[in-house]
Amino acid sequence: MLVAIGAAWGTTQPLGKIAVSGGHGLFGIIFWQLAVGALLLGAMALPGGRFRPGWRGLGLAATIAIIGTLIPNTSFYISVERLPAGIMSILIATVPILAFPMALALGMDRVSPARLAGLGCGIAGVALIALPEASLPDPAMVAFLPVALIGPVFYAIEGNVVARVGTLGMTAVQTMALVSAVGAVLVLPVTLATGQFIDPLSPWGRPHWAILAGSAAHALAYAGYVWLAARAGAVFAAQCSYIVTGTGVIWAMLLLGERFSPWVWAALAVMMAGLSLVQPRPRADAAV
């Protein structure tokens, strides 16, 4: 299950690149990604019993939708159109690394030499991609690395918000189903106003299938992650971070034919080392 979940999540980066290749506007893609996620996760949340989130639940869902979906997805689709999908998969590994200094600032974590070293590895990994001229197919791509890192920054913010506030009695699947539904409602007016709505009845091509597959993979992988964490513990489930990053690079090579310089492979290795240093420890898991 760990490998299956990580591998499914790893497909979302190259599938996202295929989705933008069809000339569809990013808001149209984001809307359908959220709509598909709301339908799938909503169906999974129904067996959990009656679900009445209330105004506080809706407020939390709107907050998570903005900082954890709309802003990160906007930066993702802007940058994945210009950067290799494999690079995007490596950069996603910075999420837990970035979350650590934020948790320190909020007083939710303590200084740890190992985690500080993990933060240093994350910085070094990004530098290995950005600084050497031979690391990227086109040196001009470096300009879009800061845009690509907006997503991980906001994912890290989202993680700390949820860690502090909780989910107000909702299960994780219920929360993400509501987040997806609220996010779809929020982005729909922008999608329509900018003329980026994607008509599902129009002839389907590869980008349409990529949108559907990527949305379903994300929703199902998330539900699987929650299932795995409940049965095997958060520490074990967190190991899927390695698989998401590693398989994301492999999927980019298989689906898109991407190839990477030695600098990028070195960045991947350094990022993996950083992940291992900032992963939750069994002691923390036991405290939960």
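The values are calculated or read from the model by the stated rules, or taken from the named source; none is laboratory data. Every value quoted in this text rests on a predicted model; they were computed, and no experiment measured them. As a convention, Cβ positions derive from the backbone with ideal geometry for all residues, glycine included, and neighbour counts pool all protein chains shown. All accessible areas refer to the heavy atoms of the entire protein, side chains included, with ligands and DNA or RNA removed. Shrake-Rupley method; radii C 1.70, N 1.55, O 1.52, S 1.80 Å.
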Quickly run through segment 108-130 and pick out the residues that are among the hydrophobic types (A, V, I, L, M, F, W, C) and assigned to a helix (DSSP H, G or I).
114, 116, 117, 119, 121, 123, 124, 126, 127, 128, 129, 130
Would you check which residues across segment 77-92 are farther than 14 Å from residue 139 by Cα and β-branched (Val, Ile, Thr) and list them?
78, 80, 90, 92
Report every pair of residues separated by at least 6 positions or lying on different chains whose Cβ atoms are under 6 Å apart, first residue within segment 175-186 and touching a residue at least 12 places away in the same chain (Cβ under 8 Å) and closer than 14 Å to residue 223 by Cα, second open to solvent by 10 Å² or more (accessible area, probe 1.4 Å) and of a type in the set (S, T, N, Q).
175/167
So, first residue modelled with pLDDT under 85 in segment 237-250, second residue not in a helix (DSSP H, G or I), Cβ within less than 8 Å, six or more apart or across chains; the pairs are 238/279; 238/280; 239/279; 241/93; 241/279
For residue 148, all conditions in the list (1) in contact with a Pro (Cβ under 7 Å, 6 or more places away or on another chain); (2) farther than 28 Å from residue 46 by Cβ; (3) buried (at least 22 other Cβ atoms within 10 Å of the Cβ) hold save one; what is the number of the exception?
(1)
With (1) open to solvent by 20 Å² or more (accessible area, probe 1.4 Å); (2) at pLDDT below 85; (3) in a helix (DSSP H, G or I); (4) not polar (S, T, N, Q) as the list, and residue 280 as the residue in question, which single condition is left unmet?
(3)
Is segment 71-83 home to any residue that is modelled with pLDDT of 90 or more, small (Gly, Ala, Ser) and open to solvent by less than 10 Å² (accessible area, probe 1.4 Å)?
yes
Is it the case that residue 12 is in contact with a helix residue (DSSP H, G or I) (Cβ under 7 Å, 6 or more places away or on another chain), crowded, with 24+ Cβ neighbours inside 10 Å, modelled with pLDDT under 90 and within 30 Å of residue 127 (Cα to Cα)?
no
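Yes or no: segment 192-209 includes at least one residue that is open to solvent by 50 Å² or more (accessible area, probe 1.4 Å), charged (D, E, K, R), at pLDDT below 90 and over 18 Å from residue 11 (Cβ atoms).
no
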Filter segment 43-59 for residues that are within 30 Å of residue 199 (Cα to Cα) and out of contact with any Phe, Trp or Tyr (no Cβ under 9 Å at 6 or more places or on another chain); the one that is surrounded by the most Cβ atoms within 10 Å (Cβ to Cβ) is 44
Anything in segment 33-42 that is touching a residue at least 60 places away in the same chain (Cβ under 8 Å) and either more than 22 Å from residue 200 (Cβ to Cβ) or open to solvent by 30 Å² or more (accessible area, probe 1.4 Å) (or both)? List them, or say none.
33, 40
